[in-house]
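The structure under discussion appears below in the form of structure tokens.
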Amino acid sequence: MKGPLFVVAAVACALVAAGSSAAKPKPVSCGATFGVIAPVTGAAAVIGQEIVNWSRLSVANWNAKHHAHFKLVEGDDQLSAAEASTLAQQFASNSKIVATVGPAASQNVTAAAPILNKAHIAMVSPSATATNLTVGATFHDFFRVVARDDEQGPTAARYMIKQLHPKRVMIVDDQSSFSTGLAETATPVFQKAGVTVDRESVQQTATDYANLVAKTSSADIVFLTWQLPANIKLFLQQMQAQGRTVPTFASTFDGGTTYVSSFSVNAHTYPPDAAISKQYEKRYGTNYTGQFGPPSYVSAQVIMTAATSLCAKHKKITRTALLAAIRKVKITKSIIGRPIAFDPKGDLVGGRFYIYKLVNGTYQLVQ
């Protein structure tokens, strides 16, 4: 199906805005429609469903707490840049949509951004970390609530150098823009420390990793900068079949690697707001990575915070007005454990990455 759209999470209420001291405050109806673009079906469905579900929860909670009536339009890009472009056209043509959570993948932001920028639709991504989306890019309407690849790569590399002391590292990308960008930023950090780097690459659609697995015998650590947990898991299964026991490092959970460098705290093991995690699990179950959900909740929160600020000033929520309001958003406490504010490029102020280690089947925060 090409770019399916589903309207959900509508609660009709009213938001009371402050009036003048001389007159009784008048109730102001506050609400708007915004989209979410994520891979709900296909190879990354577990990630996309998590993004959509946490966005739904964010909308439901905001509507209940603030007596608002925000609505969410869901778009499935199937992790395809072509689908993301199609959805961007549909969103741009829908005058009711004033902003969007996502796209989630960096390559899909690249495909959708020119269309959404032309329509002045703000994008707040929970997981697009490619450095070039904000450095040297012309995507003026793009924001993200996570740090960039040029921080993640060096953070992971420095941890491995300091804590694991490798002499030779094998870095494998999956040819996506996220993956190659991450690999490229980690490589010089290893090389500067005197660590030999074996750079490898494999298509994201590959399923036979026998040749790559054979090469791991000469490495002290294998760093998989891959997007899809299922591919990571398959790689590890083939490593095990060949009897390889080299420690593995990845950039996403649910693959089963020894270590994970994450752009967000893992809600399963370190929930800054345990009550919301429990609320999510009661509604949607426990089968989620814990990495993509909380930033999606916050991305939706950013849009609704900006929209509500316009309502409080009795201003109409237009695309351009909302875009300007998002630039000024400041959230002092969030469920990803960090304040939320954006620099002029749309990057998260003070963004950082987190290192987890698999201990007895559970990922524990180690940095």
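Every listed requirement among (1) closer than 23 Å to ALA44 by Cβ; (2) not assigned by TED's automatic domain parsing to the domain that holds PHE91 is met by GLN367 save one, (1).
Being surrounded by fewer than 24 Cβ atoms within 10 Å (Cβ to Cβ) and at pLDDT 95 or above is the filter here; which residues of region 111-133 pass it?
Filtering region 111-133 down to residues surrounded by fewer than 24 Cβ atoms within 10 Å (Cβ to Cβ) leaves 111, 114-115, 117-120, 131-132.
Residues satisfying the conditions are ALA111, PRO114, ILE115, ASN117, LYS118, ALA119, HIS120.
The set of residues in region 236-289 being in contact with a Phe, Trp or Tyr (Cβ under 6 Å, 6 or more places away or on another chain) and among the small types (Gly, Ala, Ser) consists of SER261, SER262. Is it the case that region 218-228 has a residue that's at pLDDT below 95 and surrounded by fewer than 22 Cβ atoms within 10 Å (Cβ to Cβ)? So far as region 218-228 goes, yes, one or more of its residues are at pLDDT below 95 and surrounded by fewer than 22 Cβ atoms within 10 Å (Cβ to Cβ). Within region 33-63, the set of residues being free of Cβ contacts under 8 Å to residues at least 60 places away in the same chain and assigned to a loop (DSSP other than H, G, I, E, B) comprises VAL40, THR41, GLY42. For region 308-349, filtered to residues that are at pLDDT below 95 and closer than 30 Å to PRO247 by Cβ, the residue that is surrounded by the fewest Cβ atoms within 10 Å (Cβ to Cβ) is GLY337.
Say whether the condition of being assigned to a strand (DSSP E or B), aliphatic (A, V, I, L, M), touching a residue at least 60 places away in the same chain (Cβ under 8 Å) and outside the structural domain of GLN240 (by TED's automatic domain parsing) is met by at least one residue in region 291-298. No; the residues of region 291-298 include none that is assigned to a strand (DSSP E or B), aliphatic (A, V, I, L, M), touching a residue at least 60 places away in the same chain (Cβ under 8 Å) and outside the structural domain of GLN240 (by TED's automatic domain parsing). Within region 253-293, the set of residues being closer than 27 Å to LYS167 by Cα and modelled with pLDDT of 85 or more comprises GLY256, THR257, THR258, TYR259, VAL260, SER261, SER262, PHE263. If I filter region 325-367 down to residues being among the small types (Gly, Ala, Ser) and touching a strand residue (DSSP E or B) at 6+ places or on another chain (Cβ under 7 Å), which single residue comes out as nearest to ASN266 (Cα to Cα)? By that ranking, first place goes to SER334. Please determine whether any residue of region 326-346 is out of contact with any Phe, Trp or Tyr (no Cβ under 8 Å at 6 or more places or on another chain), of a type in the set (Asp, Glu) and touching a residue at least 40 places away in the same chain (Cβ under 8 Å). No, because not a single residue in region 326-346 is out of contact with any Phe, Trp or Tyr (no Cβ under 8 Å at 6 or more places or on another chain), of a type in the set (Asp, Glu) and touching a residue at least 40 places away in the same chain (Cβ under 8 Å). Checked against (1) over 19 Å from the mean Cα position of the chain (by Cα); (2) within 21 Å of ILE355 (Cα to Cα), ALA214 passes all but a single condition, namely (2). Residues of region 258-283 that are of a type in the set (Ser, Thr, Tyr) and out of contact with any helix residue (DSSP H, G or I) (no Cβ under 6 Å at 6 or more places or on another chain): THR258, TYR259, SER262, THR269, TYR270, SER277. Total residues in region 161-198 satisfying the condition of being loosely packed, with under 13 Cβ neighbours inside 10 Å and among the charged types (D, E, K, R): the figure is 3.
So which residues in region 67-103 are in a loop (DSSP other than H, G, I, E, B), at pLDDT 95 or above and of a type in the set (A, V, I, L, M, F, W, C)? Passing the criteria: ALA68, PHE70. Taken over region 61-104, the residue count meeting the criterion of being basic (Lys, Arg) and within 21 Å of the chain's Cα centre (by Cα) is 1. Evaluated against (1) outside any helix (DSSP H, G or I); (2) hydrophobic (A, V, I, L, M, F, W, C); (3) over 20 Å from the mean Cα position of the chain (by Cα), ALA275 falls short on exactly one condition, (1).
The values are calculated or read from the model by the stated rules, or taken from the named source; none is laboratory data. Given the structure is predicted, the values throughout are model-derived calculations rather than measurements. Note that we place each Cβ from the backbone using ideal geometry, even for glycine, and neighbour counts take in every protein chain shown.
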